[in-house]
Every structure is written in structure tokens, then in C-alpha cells.
Amino acid sequence: MKRLIETLQPLGRALMLPIAVLPVAGLLLRLGQPDLLDIGFVSAAGDALFSHLGLLFAIGVATGYARDGNGAACLAGIVCYLVTTEAAKPLLTVPGDIGAGMDQASAALAVAAWKAGAVAKIDVPIGIVSGLIGGNFYNRFSATKLPDYLAFFGGRRFVPIVSGVAGLVLAAIVGLGFGAISAGVDGLSHGIAESGEFGLFAFGVLNRLLLVTGLHHVLNNVFWFVQGDYMGATGDLRRFFAGDPSAGAFMAGFFPVMMFGLPAACLAMYHAAPRHRRAAVGGMLFSLALTSLLTGVTEPIEYSFMFLAPVLYAIHAVLTGVSMVIMNLLGVKLGFGFSAGLFDYLLNYGKATRPLMLLPVGAVYFLLYYGIFSFVIRKMNLPTPGREPEGEGAAAGKAAPAPAGERGAAFARALGGGANLREVGACTTRLRLIVEDQDKVDGDALKALGAHGVLRPSANAVQVVVGPIADVVAMEIRDAIDAGGDMPAPAQAEAGAGDDCTVTLGTAVVQALGGTVRSAELRGGRIRLVLADDTQIDEDALQSLGIRGVARVGDDVVHLLLRKDGAAALLA
């Protein structure tokens, strides 16, 4: 199970890149509509993004899965998506009543429109699969060597080519199997709709429970982008913005929790702290509560009690499911482009159904969360922020931020140094990492830097909750590793790491690198290389020489991850 989580972790991260476009899409779409500014081209701009979500997912997922986010992976995802969607259309079986009784030209237009609508119905799943192909094919084929007369098409250029071929296979599956695929999607939609309140409750509970592993994004995509169909728009989110009066049920229930419940939980934690320590945690808790209220970003709050009190988090998950049911029973339909915060509530107020009902439901949820959290924290004597043993509250209550420009290096050191980091990525609010040794990850040091929680879903996977700055921090960590400023503290450094220095590689290593080495520097547990062409690397040969792994951190910049016995055997 943990191996599956580690495999799926990049998918949850990759899905967040295209989803990050939705706030601007929703903003443009709503501002341009008649009930607001009534500016047609602004509304059309927002609609363009919603209409091409499949393409955005192909690009975003390919970028997230590519080991270095190279543009060749994005191009491969686009090629695969376009080949699939267009090549599948001639293979579709068109119902006989489409175009019946029309002249030839009109019938041809009707058939073309039906085919376009049929493919659009599953554009997001196609986009995700295309992105997976583009990203993974980049990792697999970007170093492919072809004969000299075909060398121009080797390396990264080969990736879009082979992805196009994969697109043809996917097109055949979609085109010839569309009847079964469509029936499956319709069956899923009808099953969810017919499950009524139970389906809403289960979705709300699972959404919060899967947050622990970061896989809730996968669940959300089914309900928000696939389930249901309204005039060609699929998914609860897209149907809401398309004007479907029945859409919004799978979003409305989050508003009472995120705008009222979790801010009340912060207030309860503040009041539960001893009076002399409230000042130390008050600023942090107020910031978390305000973030949840305004934007609907809740993970920093949830991670403050998720592991301290699993029972409390289970109650929170159940209350989320109950909120979904209550809002639906009251006929409330709300939607969002990003999350269930005040900004989205006000922006989409005009498209909502019975939006004012949020206020009394929210007030009840505020009192409910405050009462439950206050009781459980005191009854179980939970060490929530401000209640830790004296001397241990600094990390939770008042972080000690690294000096300007050193945050990435500080995080890298707390994670065991660059030699311990195999993958560095991020989603909306958390760093998503694959490490070599979990024991080298210093949770206390991470919390002192401002992390709200550290999750270890598998033997090598680590997730660090840092809030909306996660993507920026991930970039800073990668930059710090590349610059060599990521060495762990002296007490943690590996024996023999030594100072950074320029080195000369052995002949076998140079050959395995394609003979294109421009410079090599020993940096702790890795060797930083600048190559003339990183597509010529033979990773299997490097591993046979004692290299633990290869990390591509930029165009033609590569790090060789060393084993514990160091670099001596690799040098000339």
C-alpha cells in the first residue's frame, strides 16, 4: 500500500498545476458575465480555459511527472492529447438519428458537432492519460540514442515522436471503445446521482481522509470534472459555471467547514492555550484562520491536529460529510474556481442557489467546531499549539525563519541535505519529496522553519506542509542544491563529505556520461556536473560504477548521487 502511495504521490502533485489555472478562469468568466461587468471578451477568455481543460491537464501532468519539468515533456503531452482527440473522431460510431432529415452539408456539420461533443465529454481523463504518457516517456526516452543519420531526432526530440505514436494507440482505444467508455462514465454519473445524500456524505468524508496522503486531488477530479453532463460541460465544477442549476452539490458543503468551522477550531486552540502563551501562538492561529476563511486553504490548520488527535480529525471528516448532506437537503448550490473561501463565495454569489443559507449553517458549524475542539483538547490534554511542554513550543508557535535568500538551503539541510533528496516537488500547500533515508529528515528543524506538519506516507516519501508558499520553497530547495548550499549541519554530515572542490572524473565515468563533461564539482554527497549534452548519459552504466542515482536539476546540469563509500572510486 505504501509503495502505491509513493507511486501515486507525483499524480496528486501534477494535478495541481492545471487546477491552479481555475481561479483565473473562474474570475474572468464571472467578471465578464451580464450580472457583473458584462464584458463579452473577458467572459470568453475564462470560458476558453474551461473549454480546454483537457489540454491544460495534458500539459500540467506531463510537467509534474517529468523528472526536471523540461518543455519536451509538455510538448509530448500536447502531441499525445491532440493525436488522441482528433484521431479518435473518425473511429466513433455516430447514432443514426444524428443528421437525419438534413441536407448533406448540415448533416456533416451535425455529425462533426456530435463527435466533438463526444470527445469533449472525456477530455479531462484523456488529458491526464496524455500527460502521464508525455511525462513518463520523457523520463524513459529523453536520453535515447539513434544512428548517426537519425541523430537529429534523438534525445529530447524523440519524446514527442514516440508520444504521438502512443496517442494513436490511445485514439484507437477511445474511438473503438467509446460506447463502453461512455456507458461507464454515464453509469458512474447516474450511480453518484442516485446515491443521493449517502454519496455526498461519502465524498465529503473521503475527501478529508485522503488529504492525509495527498490523494484527495484524484478523487476530486472524478466529481468536479467528469461526473454529469450539461450541454457538453462535464463535472460538478464545470457544470456549475456553465449554468447547470443542479450543479454545485459537491462543492457547497465545503463552505461551512472552511469559512466557519476551521476558523472556529483555531479560536478553540487559542483559548485552550495557557494565557501566558497565547500571545506566542495567536498570530499564527489568526493567520491560519484568516487564510481558511478568505481562500479555503485549510491544510495548515488540519495538520496542527491531524496527528495529535486522530479522533478529532475523524470527527472533522464526518462533519465535512454531514455538511455536504445538510447543504444539499436545504437546496443550496455553491461553486468555486479555487476553494470554498469568502472570495469564491462572493464572486460566484450570482450563480449560486440559495447562497444566504450558508450564513445560518455556517453559524451552527462555528459553534459546533468551537465546542467540540474545546472539549476534546482539554479532555484529552492535547498538545495543540501553545499547549506543548514548556520549551518545546517555539517551533509550533513562532517559527524562526531563515535569513533572506537562505530558506531553500535551510530546508534542504533539514531534509538531510541534497544527497538525501531524490525528488523535490510541491502541490498547493505541501512539499512532496522522495528521500533516500527518512532518519535524516529533521522534523523539529522543519517546524522551526515554519512547517505546519511532516507526513511520511511510505518508506521514502515525505510531505511537508508549509502553506501556499510550497511551490516557491520547492524551487528554492532545488536552487540551493544546485548551488551547493544544501549541506547538512556538521553533526549530520556524512563522513568524508569535505568541502566543495573541483574534481577530475575517471575515464569510465566520463564515457558513461557521453564524454561531454564541461565541469565537475564534489559537493557533499553528490557530484555536480555541467555537460555539453545530458541526453548522452548512460544511467545503467553509472549505477554499475557505484552511482546511487542521477538528478537532472536544469538544462545540462546533472548531479550524481553518491553512495556512502563516497566518490574516491569515481575520480581519476
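Things to note:
- Summed over segment 157-179, residues that are in contact with a Leu (Cβ under 9 Å, 6 or more places away or on another chain) and among the charged types (D, E, K, R) total 0.
- Here ALA265, ALA273 are screened, and the one residue that is more than 24 Å from the chain's Cα centre (by Cα), in the same structural domain as LEU358 (by the TED database) and under 16 Å from LEU319 (Cα atoms) is ALA265.
- Meets criteria (of a type in the set (A, V, I, L, M, F, W, C), open to solvent by less than 10 Å² (accessible area, probe 1.4 Å) and over 17 Å from ASP229 (Cβ atoms)) for LEU200: yes
- Subset of segment 422-431 that is assigned to a strand (DSSP E or B) and modelled with pLDDT under 85 - its residue that is surrounded by the fewest Cβ atoms within 10 Å (Cβ to Cβ): ARG422
- Residues in segment 130-171 that are open to solvent by 60 Å² or more (accessible area, probe 1.4 Å) and within 22 Å of LEU15 (Cβ to Cβ): 2 in all.
- Residue identified as of a type in the set (Val, Ile, Thr) and over 27 Å from ALA470 (Cβ atoms) among ILE301, ILE326: ILE326
- Residue count for segment 342-362, restricted to those that are touching a helix residue (DSSP H, G or I) at 6+ places or on another chain (Cβ under 7 Å), in contact (Cβ under 8 Å) with a residue 12 or more places away in the chain and surrounded by fewer than 17 Cβ atoms within 10 Å (Cβ to Cβ): 1
- Restricting segment 405-415 to residues that are over 11 Å from ILE481 (Cα atoms) and open to solvent by less than 10 Å² (accessible area, probe 1.4 Å) leaves a set whose member that is farthest from the chain's Cα centre (by Cα) is ALA414.
- Test result for LEU294, open to solvent by 50 Å² or more (accessible area, probe 1.4 Å) and in the same structural domain as LEU267 (by the TED database): no
- Taking the listed residues LEU262, LEU219, LEU267, the one that is over 21 Å from ASP47 (Cα atoms), modelled with pLDDT of 95 or more and open to solvent by 20 Å² or more (accessible area, probe 1.4 Å) is LEU267, with no other qualifying.
- Consider segment 78-106 and keep the residues that are farther than 23 Å from LEU176 by Cβ and assigned to a helix (DSSP H, G or I). The one that is modelled with the highest pLDDT is ILE78.
- In segment 107-215, counting only helices (runs of 4 or more DSSP H) that sit wholly within it, the ones holding 3 or more residues that are charged (D, E, K, R) span 178-209.
- Residue pairs meeting the criteria (Cβ under 6 Å; at least 6 apart or on separate chains; first at negative phi and in the same structural domain as LEU433 (by the TED database), in segment 445-457; second surrounded by fewer than 20 Cβ atoms within 10 Å (Cβ to Cβ) and in a loop (DSSP other than H, G, I, E, B)): ALA448/ALA400
- Test: residue in segment 34-52 that is modelled with pLDDT of 90 or more, touching a Leu at 6+ places or on another chain (Cβ under 9 Å) and closer than 30 Å to GLY154 by Cβ: no
- Here SER163 fits the description: among the hydroxyl-bearing types (Ser, Thr, Tyr), in contact with a Cys (Cβ under 7 Å, 6 or more places away or on another chain), modelled with pLDDT of 85 or more and not assigned by the TED database to the domain that holds GLU539.
- Number of the condition not met by PHE305 [criteria: (1) closer than 27 Å to ASP236 by Cα; (2) outside any helix (DSSP H, G or I)]: (1)
- Checked against (1) farther than 21 Å from MET231 by Cβ; (2) within 18 Å of the chain's Cα centre (by Cα); (3) modelled with pLDDT of 90 or more, ALA20 meets all criteria but (3).
- Set ASP97, ASP123, ASP68: member being acidic (Asp, Glu), open to solvent by 50 Å² or more (accessible area, probe 1.4 Å) and on the phi < 0 side of the Ramachandran plot: ASP97
The values are calculated or read from the model by the stated rules, or taken from the named source; none is laboratory data. Keep in mind it's a predicted model, so treat the numbers as computed, not measured. Note that we place each Cβ from the backbone using ideal geometry, even for glycine, and neighbour counts take in every protein chain shown. Please note that ligands, DNA and RNA were not included when accessible areas were found on the heavy atoms of the full protein model with its side chains. Shrake-Rupley method; radii C 1.70, N 1.55, O 1.52, S 1.80 Å.
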